[in-house]
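This report concerns only the one structure given below.
The values are calculated or read from the model by the stated rules, or taken from the named source; none is laboratory data. Since this is a predicted model, take the numbers as computed values, not measurements. In this analysis, Cβ positions are derived from the backbone assuming ideal geometry, glycine residues included, and neighbour counts consider all displayed protein chains.
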Amino acid sequence: MTRRAWLVRTACAATVGAIGDTISAMDNRSVRTAVDHLLLGTSDLEQGIAFVEQRTGVRAQAGGSHPGVGTRNALLSLGGRQYLEIIAPDPSQSSFSFQIDLRRLGAPKLVTWAAATTDLDGVVARARAAEFSVSGPRDGSRVRPDGVTLRWRTARIQGGLDYADVDVMPFFIQWSADSAHPSEDAPKGCRLVTLDIHYPDASKVRNTLARLGIDADPVPGPHAALKATIDTPRGRVVLS
């Protein structure tokens, strides 16, 4: 082997090693601590609010609409910087582009979740280095009922884990530094205890999330499902 060929091979190996080190050096978090918010999908927002209030004893507060997405929401805090987002079609918008067709849901259910990050560009770079397909980063915003505009950036990692009307793969969200986190002014009284992931191929979920710095212990099952255990004023409940 010539010296030039040896140098090229060494450089390539170093690059591959650096990528691997970047991914393995990520601060691995549990699913519970990675959660920014859970999304409870419903075909009708008032129905979703009543569903959650009946189970938790806490009435979610209207959050606002997502322009161009065709959805609106109501929120309640899950303690710390975590919250539950009840998300539904917005009848005032003519188009609908949310990743899951909430209009077809027969009853409220957890449809996906968001993982918090303070370095979305870094997450995207690591995901692409791991050969995941990435949508984003995208800017998002909504105006609260009090007129305050909240801003964020999100990226959706295509992990191939979406299943019918549930996607157990989180999207990643970074809140703008000048935006208050929704958990701060959402109705309080609830606390997230665990988020459990159920999926037919549990090892695929575990390996996919591990490459993005999230330690998961998914439960094998016939269908994809998210199950959140929450302490509430009415005791411990499970939303799924």
Point to revise | Subset of segment 187-220 (residues that are over 18 Å from the mean Cα position of the chain (by Cα) and at positive phi) | key: 189
Point to revise | Members of segment 1-56 that are at pLDDT 95 or above and of a type in the set (Phe, Trp, Tyr) | key: 51
Point to revise | Residues located in segment 86-100, provided they are touching a Gly at 6+ places or on another chain (Cβ under 9 Å) and in contact (Cβ under 8 Å) with a residue 60 or more places away in the chain | key: 100
Practice item. Quick one: which residue in 75, 102 is crowded, with 19+ Cβ neighbours inside 10 Å and out of contact with any helix residue (DSSP H, G or I) (no Cβ under 6 Å at 6 or more places or on another chain)? Key: 102
Practice item. State whether one or more residues within segment 119-140 are assigned to a loop (DSSP other than H, G, I, E, B), in contact (Cβ under 8 Å) with a residue 24 or more places away in the chain and over 22 Å from residue 162 (Cα atoms). Key: yes
Study note, to complete from the structure: Selection over segment 105-135 where residues are of a type in the set (S, T, N, Q), surrounded by fewer than 20 Cβ atoms within 10 Å (Cβ to Cβ) and farther than 11 Å from residue 172 by Cα yields a count of 1
Check your understanding: For segment 228-240, which residues satisfy the criterion of being surrounded by fewer than 17 Cβ atoms within 10 Å (Cβ to Cβ) and more than 19 Å from residue 111 (Cβ to Cβ)?
Key -> 231, 233, 234, 235, 236
Check your understanding: What about residue 138, is it over 21 Å from residue 226 (Cβ atoms) and surrounded by 13 or more Cβ atoms within 10 Å (Cβ to Cβ)?
Key -> no
Review point. Restricting attention to segment 173-227, and to residues there that are among the small types (Gly, Ala, Ser) and free of Cβ contacts under 8 Å to residues at least 60 places away in the same chain, which single residue is surrounded by the fewest Cβ atoms within 10 Å (Cβ to Cβ)?
Key: 177
